[in-house]
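This report concerns only the one structure given below.
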Amino acid sequence: MLVNITVSGFPLLKLSPTVLSAVSRASRHPRVAPRAYIMPSAVNQSWGSPLSLKVIGHNAGTSMDGVDLVHVHFTQDSPVAPLNMQLLHYGEYPMPQKVKKRVMKLIKENKTTPEEMAIVNIELGQVIADAVKSFAKDQGFDLEREVDLIGGQGQTIWHLPLPELFEGDQMRAHLDMAEIAIIAADTSITSLGNFRVSDMALGRQGCPLFAALDSLLLNHPTLNRAVQNIGGIANFSILPKGKVEGCYDFDTGPGNVFIDAAVRYFTDGQQEYDKDGAMGAKGTVDQAIVDEILAGPYFVHDIPKTTGRETFGDRMAEDICDKMLAKGATPEDCVATITRITAQSLADAYERWGPKDGVDEIYMGGGGSYNPNIVNYLKQRMPKTRITYVDETGIPIGAKEALGFALLTHECFVGRPMIVPKNTESDKPGVVGQIQPGRNMHRIRQAVAQFWGDFPEEDIRCTTKMNLLPSLCR
């Protein structure tokens, strides 16, 4: 005869009366822990209830052109089963010009008041909340019924991961603004944020944060792959063939931030970016300027490294333009040269820090991936590499970083650490993010508790298997 053993109503295993008696005696012995008889490896994988959470991920990038949002459905049958991710909806919403100008002024001048900082934080929180509500309305889903969590990054105000590159008494720090209390209050949905600060607290640089997502989506057994994002700042994830946990990522330098600044400079703010690379295509590259900039301290600094407008701000781009204009260059020459700085910094980074046997495939994303002057240069420098776009995977080009924040949001609320990329200062695992409860907090907290059941906390590991289900985006 076998006796069924259950914990909190969940069947664990069957024991004979003889073994059961031995376990009972051992549990009363002060030096023997009955826990040793019931390990996760011996447990049926339906430890608790299957998990189903719908998440809105949002991202306000360094370019400050708008807010990207995704609506994602995460499901998982048990704590040891693969995580399933399905993209339901995707949308982009412009940053209100009044708010954008206020933030740009704050960043460019690098001086402010406590009052201004407080106002900007509240305003940006309201921008995200309004974008979320518009997103749900435009895509035709009910916010309170079909969203469990909202999470993402606010607008980056300050990002200084490498204080040693600056003069004076600096320290590693990050600040992005969009008050999550405003988002949670206005939407009634539990909201998460401060992922980058959480990563810094664990001894890392807070950026780019998406190597884990990229590796879960695209790691290949026989191909070295990379996922290239060209937003305001350019970064890529290297995905060495084989092990998912072998990924690493870093910022290569300016992406669109210099190009956008130059275009605004020459159009008196009437044009925000170089659409389809048209302005840069008409100019001639000043290679001496490119080489001078790429000899700068950030580009020669070893990985890990990340950066932001503190290093590559509008003033630096304008100074480059003024220097070239004084030598007789045209505005088109300036934009062409600044675009080459971005493109060449990418190719140089692949050569220096990519896999020794080369990169087989690059998946492009971010606004800069639409600039043919960048993409064509990469193809010339890397002729053996297949260069394609993220949307080949079913993910829209502009959606990937918002999708990354959706995953971070899910894993934070579930209480699971993310994969720690290689080539970082600290391999200390940890759950990243902060939570602002909404009116739905009790319900979703119960769902997560039922999912884990009695799964031992010390046995919780990062997600290393994820299935991307077919997208339902229209």
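The values are calculated or read from the model by the stated rules, or taken from the named source; none is laboratory data. Model, not experiment: these values are computed from the prediction. Using ideal geometry, Cβ is built from the backbone for each residue, glycine included, and neighbour counts are taken over all protein chains shown.
You will find that of Asn376, Asn371, the residue that is more than 18 Å from Asp249 (Cβ to Cβ) and surrounded by 23 or more Cβ atoms within 10 Å (Cβ to Cβ) is Asn371 and no other.
The rows are residues; the columns are (1) surrounded by 16 or more Cβ atoms within 10 Å (Cβ to Cβ); (2) closer than 17 Å to Ile238 by Cα; (3) over 17 Å from the mean Cα position of the chain (by Cα).
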site: Pro355; (1), (2), (3): yes, yes, yes
site: Asp360; (1), (2), (3): yes, yes, yes
site: Thr385; (1), (2), (3): yes, yes, yes
site: Tyr389; (1), (2), (3): yes, yes, yes
site: Gly398; (1), (2), (3): yes, no, no
site: Phe405; (1), (2), (3): yes, no, no
site: Ile419; (1), (2), (3): yes, yes, no
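Being more than 20 Å from Ile230 (Cα to Cα), free of Cβ contacts under 8 Å to residues at least 24 places away in the same chain and outside any helix (DSSP H, G or I) is the requirement here; does Gly328 meet it? The answer is yes for Gly328.
All told, Lys275 falls short of being exposed (fewer than 13 other Cβ atoms within 10 Å of the Cβ), over 28 Å from the mean Cα position of the chain (by Cα) and charged (D, E, K, R). If you go through the range 345-378 and pick out every residue that is β-branched (Val, Ile, Thr) and not in a helix (DSSP H, G or I), you end up with 2. Residues of the range 233-275 being closer than 23 Å to Met382 by Cα and among the small types (Gly, Ala, Ser), which ones? Passing the criteria: Ala234, Ser237, Gly242, Gly246, Gly253, Gly255.
When Gln76 is tested against the conditions (1) touching a strand residue (DSSP E or B) at 6+ places or on another chain (Cβ under 7 Å); (2) among the polar types (S, T, N, Q); (3) within 30 Å of Leu209 (Cα to Cα); (4) modelled with pLDDT under 90, the lone failure is (4). Just checking, does the range 205-220 include any residue being part of a loop (DSSP other than H, G, I, E, B) and over 29 Å from Ile374 (Cα atoms)? Checking the range 205-220: not a single residue is part of a loop (DSSP other than H, G, I, E, B) and over 29 Å from Ile374 (Cα atoms). Note on the range 162-184: residues that are crowded, with 17+ Cβ neighbours inside 10 Å and part of a strand (DSSP E or B) total 3.
Could you list, in sequence order, the residues of the range 185-216 that are more than 26 Å from Pro161 (Cα to Cα) and either in contact with a Phe, Trp or Tyr (Cβ under 6 Å, 6 or more places away or on another chain) or surrounded by 24 or more Cβ atoms within 10 Å (Cβ to Cβ) (or both)? Outline the logic, then answer.
Going residue by residue through the range 185-216, those that are more than 26 Å from Pro161 (Cα to Cα) are 185-190.
Across the range 185-216, the qualifying residues are Ile189, Thr190.
What number of residues within the range 314-325 are free of Cβ contacts under 8 Å to residues at least 40 places away in the same chain and of a type in the set (A, V, I, L, M, F, W, C)? Residues meeting the conditions: 2.
Condition check ((1) touching a residue at least 60 places away in the same chain (Cβ under 8 Å); (2) assigned to a loop (DSSP other than H, G, I, E, B); (3) more than 30 Å from Arg225 (Cβ to Cβ)) across all residues:
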residue: Asp276; (1), (2), (3): yes, no, no
residue: Val290; (1), (2), (3): no, no, no
residue: Pro304; (1), (2), (3): yes, yes, no
residue: Phe312; (1), (2), (3): yes, yes, no
residue: Asp333; (1), (2), (3): no, no, yes
residue: Ala343; (1), (2), (3): no, no, no
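Of the residues Asp176, Asp169, Asp138, which single one is over 28 Å from Gly242 (Cα atoms) and in contact with a helix residue (DSSP H, G or I) (Cβ under 7 Å, 6 or more places away or on another chain)? Only one candidate qualifies: Asp176.
Any residue in the range 140-159 that is at pLDDT 95 or above, out of contact with any His (no Cβ under 8 Å at 6 or more places or on another chain), surrounded by 14 or more Cβ atoms within 10 Å (Cβ to Cβ) and not acidic (Asp, Glu)? Scanning the range 140-159 turns up at least one residue that is at pLDDT 95 or above, out of contact with any His (no Cβ under 8 Å at 6 or more places or on another chain), surrounded by 14 or more Cβ atoms within 10 Å (Cβ to Cβ) and not acidic (Asp, Glu).
Of all the criteria given as (1) at pLDDT 95 or above; (2) surrounded by 20 or more Cβ atoms within 10 Å (Cβ to Cβ); (3) not β-branched (Val, Ile, Thr), the one not satisfied by Met64 is (1).
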